[in-house]
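Structure record follows, encoded as structure tokens.
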Amino acid sequence: MAAESTQPAIPEPGTAPRRGGKGRRRKAPSAGRKALRATAWTAAGVVVLGGAGAGFLYFKLNGNLHSVDINQALGTDRPTKIDNGSENILVLGSDTRSGKNKKLGGGTDDGSARSDTAMIVHVYKGHQRASVVSIPRDTLVDRPQCTDTKGTAHPAASGVMFNEAYSTGGAACAVKTVESITGIRMDHYLEVDFEGFQRLIDDLGGVEVTTTKSIKDPQSHLDLKAGTHTLDGEQALGLVRTRHGVGDGSDLGRIQLQQAFVKALIDQVKHVGVLSNPKKLYDLADTATKAVTTDSDLGSVNSLIDFAGGLKGISSSHMKMVTMPVQYDPANPNRVLLEKTKAQLVWNALKNDRPIPKSATKGTATGEAKGVVTG
């Protein structure tokens, strides 16, 4: 994905930017850490909005971006890249409590963060369709030995929660763990946190969803009656974080809400006329580039615009969203175990740039929040 080298010297807008399982399941513990369920696909979606017109903001926006060199940290011990025109992107939501994120997420700033939302986005050849595989944070996995971007080595560990990979060694260890589970090389990595997610939704003007049931969850500060709502950033953050306000209180149910919200968001992005509104275009691009952390290959505005522009043709109707095949852990119903045989059907489909077969998820554990939120 070669970046465009031309950087037009067009003046900025006159207005300054704002800164900006089927079956029964025991209720999960309510105390302690409140997990971020923000979908970092938001960042990619909003960057698509500004793709055609953001070149003139290059110098300003380029300084906003944060990137990590995943390739250097992981070295050569990785799955071979399959050159069939497809791309695989690991999208993470970070639950860091540092800075303004503490107020939004609650809890204590203990200096750590976890990848409490993780999605593998497979973009098929031609970039007109995509499959998204959500990885439950509570999945018990064997984490491989990994080296973080500071060069610190972390030993392998067995039977640990998936989201601990990120808290152990950051993005590099999260990518390493996903590649170990799937046998698929991740071409790119995108991450967003509490504050970035909320500001993106607010700058977008909110996202319209319909709830078929009332959702009330004091822990995520969400109170929605059944009906149609235009969610602002705080409400959207509450929706993608809630697990106690709807369904069986499981992480799998929360994933179902997240997937429904992502589809509504993508449809919203397609219909926002920002190209005729330079101020709104600038605010969206400014917020999006501040909100995301990327791999170093996407660490410039030109590269990110080029990447995001390739996603423009994918509508929600051409996006299949599934949860990685799991079953509840018989020893602990608050944890899930990978269904390796069924999961392999998913990984084989993605490796071969094929649709995920229905048999891959049939009979696996699901939440009880499907259909509660629609676009």
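Laboratory data are not the source of any read-out in this text; all were calculated from the coordinates shown. Because the structure is a prediction, the values reported are computed rather than measured. Cβ sites come from the backbone with ideal geometry, for glycine too, and all protein chains shown count toward neighbours.
Would you mind working out the magnitude of the charge dipole of segment 283-371 relative to its Cα centre, with +1 at each Lys and Arg C-beta and -1 at each Asp and Glu C-beta, to the nearest 20 Debye? Don't skip to the answer; put the middle values down first.
Working: 11 positive and 9 negative charges, 121 e Å.
Dipole size: approximately 580 debye.
Note that segment 128-135 has calculated 3J(HN,Hα) couplings of 10, 9, 8, 10, 10, 10, 7, 9 Hz, one per residue in order, obtained from phi through the Karplus relation 6.51 cos²θ - 1.76 cosθ + 1.60 (θ = phi - 60°); glycine and proline are x.
Under 8 Å for C-alpha pairs, at least 6 residues apart: give me the relative contact order for segment 193-314, rounded to a whole percent.
Numbers: 134 pairs, mean separation 31.8, N = 122.
The value is 26 percent.
Distance between the pseudo-spin-label points of Lys150 and Thr341 (7 Å out from Cα toward the beta carbon): 4.4 nm. The charge dipole of segment 192-242, taken about its Cα centre with unit charges on the Cβ of Lys, Arg, Asp and Glu (plus for the first two, minus for the last two), comes to roughly 320 debye.
Protection proxy ranking of 75-82, 176-183, 246-253, by the mean of other Cβ atoms within 10 Å over each peptide's residues and highest first, is 246-253, 176-183, 75-82.
How far apart, in nm, are two points set 7 Å out from the Cα along the Cα-to-Cβ line at Ile82 and at Asn352? Here the modelled spin labels are 0.9 nm apart.
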